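The values are calculated or read from the model by the stated rules, or taken from the named source; none is laboratory data. Source: prediction; values computed, not measured. Positions of Cβ are backbone-derived with ideal geometry, glycine not excepted, and every protein chain shown enters the neighbour counts.
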Amino acid sequence: MNTHSAVTLGDIAEAAHVSVSTVSRILHRRDGSIKISQATQERVLAVAKRLSYEPNPFASALRTQRTGVLGVIIRDIGDPFLNLMVQVLQQTAHQEGFEVLIGHAEVNLETAQHQMNLMLTHWFDGLFLLGNVPGDQELLDVLTQRHTPFVAIASGAQVHAPLVTIDDKQGAELALHYLYQLGHRRIAFIGDVDYAGVRDRLAHYALFLQEYALDAPEEYIQLCSSKRSDAATRVHTLLNLPDPPTALFCATDLLALGAFNGVWQRGKRVPEDLSIIGFDDIKEASETFPSLTTIRQPVHAMAQESVALLHSLITRSDEKTGESSIIAQPELIIRNSCTLI
C-alpha cells in the first residue's frame, strides 16, 4: 500500500479484501443490484477510518458534477440565534453527507456579495443564506437568475425565494396574548426593523393593539440596533414615560437580555416592575436570572427542513429554482420573567 500519498479506493480495497467497486459503492452510498452485507460495509468503513481516508472532491466532481460542498453566508455570527442555527445546520448537513463552508457577512451587503461570488463556482453544490442582510434582494435575484440551488433561512416570510422561516406573526401573537392573559394592557415593543422577521413581529404588535383596543403612546415602540446596550437605553426611555409600560415584548432574546440590564440599572426588578418576553429561545434565555419567558424557534426542525429542501433543489438543478416556502411553528416557553398584575 502507498504510504506517501493520499489514500485511494484501491488501498482500502486491498486492505479490506474487497473490490474497488465495492469500496466505491459503500463510501459513496450507492445502491446496486447485488446487496453488500452489513459486515462488509462495516469492515470497509473501519479500514477507511484506520487509513485516514479523505474523499477527493475534485475527482468526485469530475464524475458526478457535484462536490457535496454547501456554502453558508451568515448575516452575523455574533448573533446567538444565528450562531446556534449555523452549528445545527452544519451538523445536519454532515449527517446527510455534505460538507459545509461558512462565510460571515458581518451585516454588510458588499461583504455578502463578495462571499456569494466566491461561492458561485462549480465547487459548491448549493448555498444557504442565513438571516437577511438589508438590501440582499439583489443577491437572491442573482442566485435565481443563475439557477443556483439556494435556501434563505430565518429571513422573513416575504422573501421571493425558497425559504425556511418561523411564523413570525404567530410567534408575536403567542407572546402578546400571553401578556394580555396576565393582565397587562400597557405593552411596549423593542426591535431592530432592519431585519425582515422583526418587521413582521412589529406589524403584528400594531394589529394586536388595535384588535384589543389597547392605548399605547408612540414611545411604546422603541426601534433600536441589535445591541444589548441599545435595548437597555430604550428601557430607560420607557420607564421615564408618564405611564410606563408594565410589559415589554422584545423582538429577540438578545434585546430582552439587554432590557434586563436596563431595568436593573434603574434599581427596578424583572418581573415585579416590568414583565419581559423575548423571541428565539437562545441558550442564555434559560440560564439568566430570572429565566426568560420567550418564543422558541425550532432550530433543529428548521435545519432539517433547510437541508432537505436544498438537497431536493440540487438533485433537480437542471430545472428552474422554485419558491418553496416552509413556515415553522413557534412555541411559547414560559419561565420566570413575566408576572400577573
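Brief remarks follow.
- Selection count, the range 77-96, where residues are under 8 Å from the mean Cα position of the chain (by Cα) and in contact (Cβ under 8 Å) with a residue 40 or more places away in the chain: 6
- Ser286 being modelled with pLDDT of 95 or more and not assigned by TED's automatic domain parsing to the domain that holds Arg199: no
- Only residues that are in a strand (DSSP E or B) and touching a Leu at 6+ places or on another chain (Cβ under 8 Å) were counted across the range 92-147, and they come to 9.
- Meets criteria (surrounded by fewer than 20 Cβ atoms within 10 Å (Cβ to Cβ) and at positive phi) for Gly78: no
- Top-ranked residue in the range 257-296 [being in contact with a Gly (Cβ under 8 Å, 6 or more places away or on another chain) and among the polar types (S, T, N, Q); ranked as surrounded by the most Cβ atoms within 10 Å (Cβ to Cβ)]: Thr294
- Identity of the residue in the range 170-196, among the small types (Gly, Ala, Ser) and part of a helix (DSSP H, G or I), that ends up farthest from Ile295 (Cα to Cα): Ala196
- Within the range 1-36, the set of residues being in contact with a Gly (Cβ under 9 Å, 6 or more places away or on another chain), at pLDDT 80 or above and charged (D, E, K, R) comprises just one member, Arg25.
Yes/no matrix, rows are residues, columns are (1) over 20 Å from the mean Cα position of the chain (by Cα); (2) part of a loop (DSSP other than H, G, I, E, B); (3) of a type in the set (S, T, N, Q):
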residue	(1), (2), (3)
Leu257	no, no, no
Trp264	yes, no, no
Lys268	yes, yes, no
Thr294	no, no, yes
Leu309	no, no, no
